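**Student:** Just passing along the structure, written as structure tokens.
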Amino acid sequence: MSPINPASTLLSEAPKWELGPHADRESSPTEWIPAEVPGAVQLDWAREHEWDDPFFADNFRDYEWMEDRYWTYRCVVPSHPDQCPNDHTLWLRCDGVDYACHVLLAGRVIYTHEGMFTPFSINLEESHAEPGQTLEIRIHPVPKSTPTNDAGREQANRCCKPAVSYGWDFHPRLVPLGLWQVAIMEWRPPLHFSEISLHPVVSDDLKSARLKIEGLYHGHPDGYLALNLTDPAGKHIHEERIKLDPSGSFRAQLTVCKPELWWPHDHGNQPLYCVVLTLHDIKDEPSDTAKRSVGFRRVRLVANEDNQRASDDPPLTRDYPPMTLEINGRRIFIKGSNWVPPDVFPCRVTPETVQPLIDFAKNAHLNLLRCWGGGLINPNFFYDLCDQAGLLIWTEFPLACNNYPDDPAYLAVLDQESKSILKRVRSHACQALWCGGNELFNAWSGMNDQSLALRLLARNCFDFDPYTPFLQTSPVYGVAHGYYGVEIAQSGREAIEVFQERRHTAYTEFGMPGPGSLEILRSFIPESELYPPRPGTAWETHHAFQAWDMDTDSWLGLLTLQRYTGPHHFIEELVANGQLLQAEGYRHLYEEVRRQKPRASMALNWCFNEPWPCAANNSLISYNGVPKPALRAVADSCRPALASAQIPRLLWEPGDTFKCTLWLLNDVYEKLSATSIQAILEVDYRSEVLTEWMCPGADVNRNNKGPECNVGLPQTSESRVFHFHLKSKEYPELNSTYTLFFNLDREDNPLITP
């Protein structure tokens, strides 16, 4: 395996890669084009042949043929550089192949590999490489369990490739292939690192921490490993020499007394210690160096309060699995979102694309991102950024919505990939929860806790990271996925009304659809199709219509939108109304889950971001990091403390009796002081104070339920919207405002339809 060494002394150079397609494994390309690495074969081919943007209209369909080709990368073996010592040897380092390959040297196969998330290195000297020879990496076609391309995500059920690229309700079928991470030549000294893994564990009393360091090296064992640890202030607190094991491995363990604890950003600071490892050769000269950061925190998954029911007929198991995260002994209410790949092409997921998204999440008061099992296992820099930002991460292995088989070949790759992921990620303080995958116990998946894939993942998590919680899948019993719309089609009721009746331990997916901004829409919808939106155009291929087979109006929801905001007459009005409805829906859903604390412990919407430009979906941030107004509403509803109104629905008839219940929500580990909160109804720019709640405050990490309000709405209204305000005289930072809707449909205002 290949190390990621920020401080490494290895000499490396990027080869000039060429790329070409061919029909079968034994043939060779008839056309070679320049290749960018990291990259994807689709991007290289499109660049060379001046194809149109694959994200515009339905251009992605032009790329489908690429799935079934072999693609070969080639470069020339370099000569030994003058500045490189003679004892250095040439290695090929490949950090990520999508998805399987053979490596050939001068036509001979010297290595075979499968899996995106396990890097590899090859000693080319041992393979008898000569300068000027051709080195090839032959990428295999997309793995498919069925031969046709119309099967969708089921084709990914026998591989560890993310299922999302085979097609989802927010993602086109566009399946990348290629060298998606670094692939370079390295001149390595006789003694160098092959693998490094850190494993921090904090004691039960939080007064000490144990740091395990282990890894592999290549070279003569007569050298030694120098270990240096500095605290967050840069002070050296531990130095040690470690004897190298002749087997090619090294292992060390040290104790840190009274460690500075890492916290989620809404509960404390994020101190990070620095580990520097240096290999010294037999002459006591430094040969290779690696530098890593590490944080210390204790994480547990504990039973939710109010969810244990005494059994009348023991012995029986508990009612619900634990679903409350406890960090450093403190129960944390999770306000988060579901993270999906920021791009269809994983090579384009970089620190520059990820950093703004992390900033958006933190500024929206979110404290956890669930890295969904249908998508990419994120690179190291993602976890580094979350360590620094204080964002907890729930990492799922690459299983989603499929029945993964008890097949030895598949299980062998899953075993390899999961171990690589665990050893790489476990050192990160942000990593708070492992999960087998997404929706594996559902009817469309059919797996259960005896499925060998999940038993294997549970074993590997125990072996490599036993003190970080593990769930077999989400949802489990007691946890909710859904709903994903303003209204529930089966009942016609609003989602926020039904949520107020639900009693789940966690809500790890729920959604409110809304369109992208006009700028985003114009970037991929031809002007002739832009308005009015209709099926059979780029609106549909970008998931505004028939994203779900069960709902031809998803995700744009034109019929729903008319009921709440009235008819639209131009595209700007449609976008503004759709985004307003999404924002207000999310506001109510997040606050409702918070009101169910401590029975409920998590509120995570589906989803945070997008891998490609969607015309409409549940995301808070459109492709390329453009926030929707919903993000501001979520930030408002996820403030550590706020005055909240439990309002049963968004849509009201003139003359209805308006009802709501007042609350003070508190996720802060401090007692909130008493305050007076006015409830104000504003209709047609006229305001009325309905009540003034003399709120006694709230206990540490507890909510406080206040009085109910009842008032008759006017029989007529000049506007389709009205507002409800909560205002604290003493603490204006608690203030909240809700936008609600009147049903004013009239025959002379028909919906603009195709």
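**Student:** Looking at 699, 656, 667, which is the one that is more than 28 Å from residue 581 (Cβ to Cβ) and at pLDDT 95 or above?
**Tutor:** Numbers: 656 fails: more than 28 Å from residue 581 (Cβ to Cβ); 667 fails: more than 28 Å from residue 581 (Cβ to Cβ).
The conditions single out 699.
**Student:** Within the stretch 635-651, how many residues are open to solvent by 20 Å² or more (accessible area, probe 1.4 Å) and assigned to a loop (DSSP other than H, G, I, E, B)?
**Tutor:** Number of matching residues: 4.
**Student:** When residues of the stretch 134-153 are filtered for being buried (at least 17 other Cβ atoms within 10 Å of the Cβ) and not hydrophobic (A, V, I, L, M, F, W, C), how many remain? Lay out the reasoning, then the answer.
**Tutor:** Kept after step one, since they are buried (at least 17 other Cβ atoms within 10 Å of the Cβ), are these residues of the stretch 134-153: 135-144, 149, 153.
Subset that is not hydrophobic (A, V, I, L, M, F, W, C): 136, 138, 140-141, 143-144, 149, 153.
So the answer is 8.
**Student:** Listed residues 429, 480; which is over 24 Å from residue 116 (Cα atoms), at pLDDT 95 or above and either among the acidic types (Asp, Glu) or open to solvent by less than 20 Å² (accessible area, probe 1.4 Å) (or both)? It would help to see each step written out before you state the result.
**Tutor:** On the way: 429 fails: over 24 Å from residue 116 (Cα atoms).
Of 429, 480, the one residue that is over 24 Å from residue 116 (Cα atoms), at pLDDT 95 or above and either among the acidic types (Asp, Glu) or open to solvent by less than 20 Å² (accessible area, probe 1.4 Å) (or both) is 480.
**Student:** Restricting the search to the stretch 185-237, which residues are of a type in the set (A, V, I, L, M), open to solvent by 30 Å² or more (accessible area, probe 1.4 Å), more than 21 Å from residue 90 (Cβ to Cβ) and part of a strand (DSSP E or B)? Talk me through it step by step, then tell me what you get.
**Tutor:** Step one: of the stretch 185-237, the residues of a type in the set (A, V, I, L, M) are 185, 191, 196, 198, 201-202, 206, 209, 211, 213, 216, 225-227, 229, 233, 237.
Next cut, open to solvent by 30 Å² or more (accessible area, probe 1.4 Å) only: 206, 216, 233, 237.
After this cut, where a residue has to be more than 21 Å from residue 90 (Cβ to Cβ) as well, the list is 206, 233, 237.
Answer for the stretch 185-237, where residues must be of a type in the set (A, V, I, L, M), open to solvent by 30 Å² or more (accessible area, probe 1.4 Å), more than 21 Å from residue 90 (Cβ to Cβ) and part of a strand (DSSP E or B): just 237.
**Student:** Taking the stretch 74-117, which residues are within 21 Å of residue 43 (Cβ to Cβ) and part of a strand (DSSP E or B)?
**Tutor:** Start the filter on the stretch 74-117 by keeping residues that are within 21 Å of residue 43 (Cβ to Cβ), which leaves 74-75, 94-101, 116-117.
74, 75, 94, 97, 98, 100, 101, listed by residue number.
**Student:** Is there any pair with a first residue in the stretch 516-541 that is of a type in the set (S, T, N, Q) and a second that is in a helix (DSSP H, G or I) whose Cβ atoms are under 6 Å apart and which are 6 or more apart or on different chains, and what are they?
**Tutor:** Going by the 6 Å Cβ cut-off, the qualifying pairs are 537/529.
**Student:** Can you give me the number of residues within the stretch 513-553 that are more than 15 Å from residue 628 (Cβ to Cβ), of a type outside the set (Gly, Ala, Ser) and open to solvent by 50 Å² or more (accessible area, probe 1.4 Å)?
**Tutor:** Here the count works out to 12.
**Student:** Let me ask something else about it. Identify all residues within the stretch 692-719 that are open to solvent by less than 40 Å² (accessible area, probe 1.4 Å) and in a strand (DSSP E or B); write none if there are none.
**Tutor:** Answer for the stretch 692-719, where residues must be open to solvent by less than 40 Å² (accessible area, probe 1.4 Å) and in a strand (DSSP E or B): 693, 695, 698, 704, 706, 709, 711.
**Student:** Looking at 385, 411, 392, 399 in this structure, which one is under 30 Å from residue 365 (Cα atoms) and surrounded by fewer than 20 Cβ atoms within 10 Å (Cβ to Cβ)?
**Tutor:** Numbers: 411 fails: under 30 Å from residue 365 (Cα atoms); 392 fails: surrounded by fewer than 20 Cβ atoms within 10 Å (Cβ to Cβ); 399 fails: surrounded by fewer than 20 Cβ atoms within 10 Å (Cβ to Cβ).
That would be 385, the only listed residue that is under 30 Å from residue 365 (Cα atoms) and surrounded by fewer than 20 Cβ atoms within 10 Å (Cβ to Cβ).
**Student:** Identify, by number, the condition in (1) over 18 Å from residue 554 (Cα atoms); (2) assigned to a loop (DSSP other than H, G, I, E, B); (3) of a type in the set (Phe, Trp, Tyr) that residue 590 doesn't meet.
**Tutor:** So residue 590 meets the others, but not (2).
**Student:** Out of all the residues in the stretch 18-37, is one or more within 30 Å of residue 275 (Cβ to Cβ) and at pLDDT below 95?
**Tutor:** Within the stretch 18-37, the subset within 30 Å of residue 275 (Cβ to Cβ) is 37.
Those left that are additionally at pLDDT below 95: none.
Within the stretch 18-37, none of the residues are within 30 Å of residue 275 (Cβ to Cβ) and at pLDDT below 95.
**Student:** For the subset of the stretch 483-498 comprising residues that are closer than 17 Å to residue 583 by Cα and part of a loop (DSSP other than H, G, I, E, B), which member is most open to solvent (accessible area, probe 1.4 Å)? Let's see the steps before the verdict.
**Tutor:** Just the residues of the stretch 483-498 that are closer than 17 Å to residue 583 by Cα, to begin with: 483-487, 494-497.
Subsequent filtering for residues that are part of a loop (DSSP other than H, G, I, E, B) retains 483-486.
On the way: 483: 80, 484: 39, 485: 14, 486: 12 Å².
The selected residue is 483.
**Student:** Are any residues in the stretch 288-312 over 30 Å from residue 258 (Cβ atoms) and either modelled with pLDDT of 95 or more or basic (Lys, Arg) (or both), and if so, which ones? Spell out how you get there, then give the answer.
**Tutor:** Of all residues in the stretch 288-312, those over 30 Å from residue 258 (Cβ atoms) come to 288, 304-312.
Once the filter is applied, which keeps residues that are over 30 Å from residue 258 (Cβ atoms) and either modelled with pLDDT of 95 or more or basic (Lys, Arg) (or both), the stretch 288-312 yields 288, 309.
**Student:** So for the stretch 733-740 (the condition being at pLDDT 95 or above, touching a helix residue (DSSP H, G or I) at 6+ places or on another chain (Cβ under 9 Å) and aromatic (Phe, Trp, Tyr)), does at least one residue qualify? Walk me through it before giving the result.
**Tutor:** From the stretch 733-740, those at pLDDT 95 or above are 733-740; that's our starting set.
This time we only want the ones that are touching a helix residue (DSSP H, G or I) at 6+ places or on another chain (Cβ under 9 Å), so: 736-740.
From what's left, aromatic (Phe, Trp, Tyr): 738.
Checked against the condition, which is being at pLDDT 95 or above, touching a helix residue (DSSP H, G or I) at 6+ places or on another chain (Cβ under 9 Å) and aromatic (Phe, Trp, Tyr), the stretch 733-740 yields at least one hit.
**Student:** If I ask for residues that are in a strand (DSSP E or B), of a type in the set (Val, Ile, Thr) and open to solvent by less than 60 Å² (accessible area, probe 1.4 Å), which ones from the stretch 666-691 would you list?
**Tutor:** Initially, the stretch 666-691 is screened for residues in a strand (DSSP E or B), giving 666, 672, 675-683, 686-691.
This time we only want the ones that are of a type in the set (Val, Ile, Thr), so: 675, 677, 680, 683, 689, 691.
675, 677, 680, 683, 691 - these are the residues of the stretch 666-691 that are in a strand (DSSP E or B), of a type in the set (Val, Ile, Thr) and open to solvent by less than 60 Å² (accessible area, probe 1.4 Å).
**Student:** Also, I was wondering about something else. Taking the conditions exactly as written (open to solvent by 30 Å² or more (accessible area, probe 1.4 Å), at negative phi and in contact (Cβ under 8 Å) with a residue 24 or more places away in the chain), does residue 44 satisfy them or not?
**Tutor:** On the way: open to solvent by 30 Å² or more (accessible area, probe 1.4 Å): no; at negative phi: yes; in contact (Cβ under 8 Å) with a residue 24 or more places away in the chain: yes.
For residue 44, the condition - open to solvent by 30 Å² or more (accessible area, probe 1.4 Å), at negative phi and in contact (Cβ under 8 Å) with a residue 24 or more places away in the chain - is not met.
**Student:** Kindly check whether there is at least one residue in the stretch 461-475 that is surrounded by 21 or more Cβ atoms within 10 Å (Cβ to Cβ), part of a helix (DSSP H, G or I) and out of contact with any Gly (no Cβ under 8 Å at 6 or more places or on another chain).
**Tutor:** The answer is yes, given that some residue of the stretch 461-475 is surrounded by 21 or more Cβ atoms within 10 Å (Cβ to Cβ), part of a helix (DSSP H, G or I) and out of contact with any Gly (no Cβ under 8 Å at 6 or more places or on another chain).
**Student:** If you scan the stretch 238-282, which residues turn out to be of a type in the set (Asp, Glu) and open to solvent by less than 30 Å² (accessible area, probe 1.4 Å)? Full working, then the answer.
**Tutor:** Of the stretch 238-282, the ones of a type in the set (Asp, Glu) are 239-240, 245, 260, 266, 281.
None; the set is empty.
The values are calculated or read from the model by the stated rules, or taken from the named source; none is laboratory data. Worth saying up front: this structure is predicted, and the values here are computed from it rather than measured. Note that each Cβ is placed from the backbone with ideal geometry, even for glycine, and that neighbours are counted across all protein chains shown. What goes into the accessible areas is simple: the full protein's heavy atoms, side chains included, and nothing from ligands, DNA or RNA. Shrake-Rupley method; radii C 1.70, N 1.55, O 1.52, S 1.80 Å.
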